[in-house]
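*Asks:* Quick one: this structure, given as structure tokens, is what I'll be asking you about.
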Amino acid sequence: MAIVFSKPHALTDKPFHYCPGCPHGIVHRLVAETIDELGIEGRTVGVAPVGCSVMAYDYFSCDMIEAAHGRAPAVATGLKRALPNNIVFTYQGDGDLAAIGMCETIHAATRGENITVIFINNAIYGMTGGQMAPTSLPGQVTQTSPYGRDVKTAGYPIRVCELLSTLDGVTFAQRVAVDSVKNVNIAKRAIKKAFTNQVEGKGYSIIEVVSTCPTNWGMSPMEAFQWMRDNMLPYYPLGVYKDKSEGEN
Amino acid sequence: MNERVLMKGNEALAEAAICAGCRHFFGYPITPQTEVAAYMAKRMPKIGGTYLQAESEIAAINMVLGASSAGVRAMTSSSSPGISLKSEGISYIAGSDLPALIVNVQRGGPGLGGIQPSQSDYWQATKATGHGDFHMLVFAPSTVQEMVDLVFDAFDLGDKYRMPAMLFLDGMLGQMMEPVILPDPSSRPVIEKPWAANGHQGKRPHNIIKSLYLEPQELERTIIERFKRYDHIKATEQRAEEYLTDDADIIIVAYGASSRIARSAVNTARSMGIKAGLIRPITLWPFPVDIINKNVENTKAFLSVEMSMGQMVDDVRLVVNGRRPVSFFGRTGGIIPTPDEVLEQIKAINGGM
């Protein structure tokens with residue numbers, strides 16, 4: 001009997017702690033499949049964030065470091081400078097990457113660090129129980145925006161791919177989603193390209209995954225995906241924001 | 001044996017780090033440690049090393065964490081306000097059992113304070129550089145040569161005990177020019193790092209470098225294990241220099257730049273017939289408890305001299321534990337005490353005995 005589907009080698013046997021319907025599991029799998037397909041597990045080091053995916057270090061079979069909140073790009077920079085022939089990726093949420101770690105994010109990007117950043121944007125702080133994130137939408141109700149995000153006092157959500165794509169140091173920036181088979185396939189290709197760029201020494205690549213948080217949004221997984229399509233995708237359009245991986249390098 | 005050369009403190013420190021095998025320096029500009037970074041920026045590219053000017057002190061210390069996780073010797077240098085920013089990263093480095101060299105060329109605080117020499121970060125360095133139950137090794141040289149030697153020790157002991165080490169200076173030593181001989185790195189032990197996150201190459205289970213333990217029992221266990229290491233360090237790594245303590249009635253305790261001033265005052269006091277002596281802590285953590293303790297019974301009084309409002313004096317009092325009077329003299333805010341001021345203190349104590 002032929003095996004047609006199995007767990008990627010780059011994922012450990014540890015069961016995910018994620019909530020039912022959380023897309024982290026899908027994205028973890030796409031990253032692990034990429035590591036397997038490129039045959040780089042033995043020389044890959046991942047950097048986990050603080051947030052729901054803090055324990056990603058238990059799930060990926062490659063060497064892993066758990067960084068302080070927001071500092072993954074700095075940790076990855078030190079790591080990559082020490083190990084230029086290894087593959088280094090960070091896996092970060094929106095609070096980690098776009099609030100407390102925005103300084104580290106922008107500077108790692110503008111230096112053109114040859115790393116891969118996987119950014120999960122679900123417009124909320126999941127692990128701490130659903131507070132307003134830098135990417136929470138105008139009017140979005142969270143524990144700390146109980147009357148809806150009021151842009152007059154809380155400002156506007158940050159579009160990370162658009163922001164980073166203005167920097168000369170960025171090689172590749174693409175926003176994807178994992179709410180359908182078609183989008184999962186697009187996301188997989190994007191993630192694989194982001195890792196391949198690094199293998200080929202092409203520089204900084206970021207993949208933003210517009211995601212959901214059924215638990216803290218108070219929705220079923222399917223309702224959450226629909227809410228994401230109706231509300232997040234208009235604000236965070238999917239697509240390639242920057243790609244200088246062909247030609248220029 | 002390397003030859004004797006005249007070097008400025010901050011540059012000697014940087015060259016010593018390179019000699020000790022450090023090829024990764026991450027910094028951020030701040031007075032008065034700029035020469036360390038400038039020297040590294042000039043030297044590192046020529047020897048295949050990394051000099052990276054980070055976007056912040058916070059980023060710099062986390063770059064050190066990343067490089068150290070990879071198993072290489074990494075360092076950062078800063079001055080007081082910058083060390084406050086690094087304290088988050090230092091806590092993570094300690095909690096992740098990583099070595100790292102952190103240089104603090106102290107200036108006056110609190111806040112932006114000033115840019116003149118100070119020793120007012122003693123509490124921060126020895127008690128609370130960041131949150132949580134942890135310590136780091138703290139070395140306080142008083143000459144440029146000793147600074148060079150301690151750079152090697154800080155790297156070696158940091159690697160051996162898997163913990164951060166701080167070279168604790170003040171602006172004076174950094175700016176001073178003195179003759180130095182750089183140590184021979186080939187005489188130092190090679191320390192393996194099987195814990196490094198440098199890619200498992202399919203030959204071992206994956207290494208995880210982290211400070212997170214959600215189970216309280218597990219977290220307590222890791223901390224107790226770390227404190228057993230600290231106990232061993234306290235028992236074996238205390239260092240201090242004793243100067244004229246054998247028959248001293250009054251013993252000054254002073255480190256770094258203050259110890260040089262105190263030594264002058266001790267010499268003058270001796271010429272006046274006052275039996276003064278000096279204990280100069282070289283390790284501030286572990287504090288040289290044993291060396292102070294063995295002098296308590298044979299002396300009459302202690303005087304802690306610092307460039308602060310009195311921080312190390314707490315540790316002196318803990319050792320002396322009421323058996324002898326312990327007084328304090330210090331200047332702060334970037335003011336360096338003069339030998340005459342210290343001598344006046346010695347004479348006052350002597351007169352009161």
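The values are calculated or read from the model by the stated rules, or taken from the named source; none is laboratory data. None of these values were measured; they are calculated from a predicted model. Backbone-built Cβ (ideal geometry, glycine too); neighbour counts: all protein chains shown.
*Asks:* Could we say that B:Gln201 is of a type outside the set (Val, Ile, Thr) and either within 14 Å of chain A (Cβ to nearest Cβ) or farther than 30 Å from B:Leu303 by Cβ (or both) here?
*Replies:* yes
*Asks:* When you go through (1) surrounded by fewer than 22 Cβ atoms within 10 Å (Cβ to Cβ); (2) in a loop (DSSP other than H, G, I, E, B) one by one for B:Trp123, which number turns out not to apply?
*Replies:* Evaluating B:Trp123 over (1) surrounded by fewer than 22 Cβ atoms within 10 Å (Cβ to Cβ); (2) in a loop (DSSP other than H, G, I, E, B) leaves (2) as the failure.
*Asks:* Now, a different point. Of all residues in the range A:29-49, how many are touching a residue at least 60 places away in the same chain (Cβ under 8 Å) and within 25 Å of A:Thr128 (Cβ to Cβ)?
*Replies:* Counting residues in the range A:29-49 that are touching a residue at least 60 places away in the same chain (Cβ under 8 Å) and within 25 Å of A:Thr128 (Cβ to Cβ) gives 1.
*Asks:* Taking B:Gln201, is it on the phi < 0 side of the Ramachandran plot, surrounded by fewer than 17 Cβ atoms within 10 Å (Cβ to Cβ), without any contact (Cβ under 8 Å) to a residue 24 or more places away in the chain and not acidic (Asp, Glu)?
*Replies:* Judged against the criteria, B:Gln201 is not a match.
*Asks:* Identify all residues within the range A:194-227 that are under 16 Å from the mean Cα position of the chain (by Cα) and farther than 19 Å from A:Leu167 by Cα; write none if there are none.
*Replies:* Once the filter is applied, which keeps residues that are under 16 Å from the mean Cα position of the chain (by Cα) and farther than 19 Å from A:Leu167 by Cα, the range A:194-227 yields A:Phe195, A:Val209, A:Val210, A:Ser211, A:Thr212, A:Cys213.
*Asks:* Only residues that are touching a Gly at 6+ places or on another chain (Cβ under 7 Å), buried (at least 24 other Cβ atoms within 10 Å of the Cβ) and within 8 Å of chain A (Cβ to nearest Cβ): list them for the range B:66-103, please.
*Replies:* If the condition is that a residue be touching a Gly at 6+ places or on another chain (Cβ under 7 Å), buried (at least 24 other Cβ atoms within 10 Å of the Cβ) and within 8 Å of chain A (Cβ to nearest Cβ), then B:Gly66, B:Ala67, B:Ala74 are the ones that fit.
*Asks:* Which of the residues spanning the range A:145-191 are crowded, with 16+ Cβ neighbours inside 10 Å and either polar (S, T, N, Q) or part of a strand (DSSP E or B) (or both)?
*Replies:* A:Ser145, A:Ser165, A:Val170, A:Thr171, A:Phe172, A:Ala173, A:Gln174, A:Arg175, A:Val176, A:Ala177, A:Asn183
*Asks:* Name the residues in the range A:226-247 that are on the phi > 0 side of the Ramachandran plot and free of Cβ contacts under 8 Å to residues at least 60 places away in the same chain, would you?
*Replies:* Within the range A:226-247, just A:Gly247 meets the criteria.
*Asks:* Starting from the range B:184-197, take each residue that is within 14 Å of another protein chain (Cβ to nearest Cβ) and list its partners that are polar (S, T, N, Q), counting only C-beta distances under 7 angstrom and pairs at least six apart or across chains.
*Replies:* Filtered contacts from the range B:184-197: B:Trp195/B:Asn207; B:Ala196/B:Ser69; B:Ala196/B:Asn207; B:Ala197/B:Ser69; B:Ala197/B:Asn207.
*Asks:* Output the residues belonging to the range A:203-223 that are in contact with an Asp or Glu (Cβ under 9 Å, 6 or more places away or on another chain) and surrounded by fewer than 24 Cβ atoms within 10 Å (Cβ to Cβ).
*Replies:* Of everything in the range A:203-223, those that are in contact with an Asp or Glu (Cβ under 9 Å, 6 or more places away or on another chain) and surrounded by fewer than 24 Cβ atoms within 10 Å (Cβ to Cβ) turn out to be A:Gly203, A:Pro214, A:Trp217.
*Asks:* Determine, yes or no, whether A:Gly130 is within 14 Å of chain B (Cβ to nearest Cβ) and at pLDDT 95 or above.
*Replies:* no
*Asks:* Out of (1) under 28 Å from A:Tyr57 (Cα atoms); (2) surrounded by 14 or more Cβ atoms within 10 Å (Cβ to Cβ); (3) more than 14 Å from chain A (Cβ to nearest Cβ), the odd one out for B:Gln217 is which?
*Replies:* Looking at each condition in turn, B:Gln217 falls short on (2).
*Asks:* Return a yes/no flag: does the range A:109-125 have any residue that is within 13 Å of chain B (Cβ to nearest Cβ), outside any strand (DSSP E or B) and without any contact (Cβ under 8 Å) to a residue 40 or more places away in the chain.
*Replies:* No, that holds for no residue.
*Asks:* Would you confirm whether or not the range A:66-78 contains a residue that is at pLDDT 95 or above, surrounded by 24 or more Cβ atoms within 10 Å (Cβ to Cβ) and at positive phi?
*Replies:* Yes, the range A:66-78 has at least one match.
*Asks:* With the condition kept exactly as written, say whether any residue in the range B:36-44 is farther than 20 Å from A:His107 by Cα, touching a residue at least 40 places away in the same chain (Cβ under 8 Å) and in contact with a strand residue (DSSP E or B) (Cβ under 7 Å, 6 or more places away or on another chain).
*Replies:* Within the range B:36-44, one or more residues are farther than 20 Å from A:His107 by Cα, touching a residue at least 40 places away in the same chain (Cβ under 8 Å) and in contact with a strand residue (DSSP E or B) (Cβ under 7 Å, 6 or more places away or on another chain).
*Asks:* Considering only the range A:226-234, I want to know if a residue exists there that is surrounded by 18 or more Cβ atoms within 10 Å (Cβ to Cβ), outside any helix (DSSP H, G or I) and at pLDDT 95 or above.
*Replies:* Within the range A:226-234, not a single residue is surrounded by 18 or more Cβ atoms within 10 Å (Cβ to Cβ), outside any helix (DSSP H, G or I) and at pLDDT 95 or above.
*Asks:* Test A:Ala68 against the stated conditions and say whether it is outside any helix (DSSP H, G or I), farther than 15 Å from A:Met127 by Cα and out of contact with any Ser or Thr (no Cβ under 6 Å at 6 or more places or on another chain).
*Replies:* no
*Asks:* May I ask you to list the residues in the range B:202-234 that are assigned to a helix (DSSP H, G or I) and basic (Lys, Arg)?
*Replies:* Matches in the range B:202-234: B:Arg221, B:Arg226, B:Lys228, B:Arg229, B:Lys234.
*Asks:* Which condition from (1) in contact with a helix residue (DSSP H, G or I) (Cβ under 9 Å, 6 or more places away or on another chain); (2) under 20 Å from A:Ala123 (Cβ atoms) is the one that A:Val170 breaks?
*Replies:* Status for A:Val170: all satisfied but (2).
*Asks:* For the range B:179-201, which positions are within 21 Å of B:Leu101 (Cβ to Cβ) and outside any loop (DSSP other than H, G, I, E, B)?
*Replies:* B:Val180, B:Ile181, B:Pro185, B:Ser186, B:Ser187 - these are the residues of the range B:179-201 that are within 21 Å of B:Leu101 (Cβ to Cβ) and outside any loop (DSSP other than H, G, I, E, B).
*Asks:* Let me ask something else. Test of understanding: among A:Gly42, A:Gly21, A:Gly70, which residue is more than 10 Å from every other protein chain (Cβ to nearest Cβ), small (Gly, Ala, Ser) and farther than 15 Å from B:Ile208 by Cβ?
*Replies:* Answer to the selection: A:Gly21.
*Asks:* Given the criteria hydrophobic (A, V, I, L, M, F, W, C) and under 20 Å from B:Ala70 (Cα atoms), does A:Ala98 qualify?
*Replies:* The answer is no for A:Ala98.
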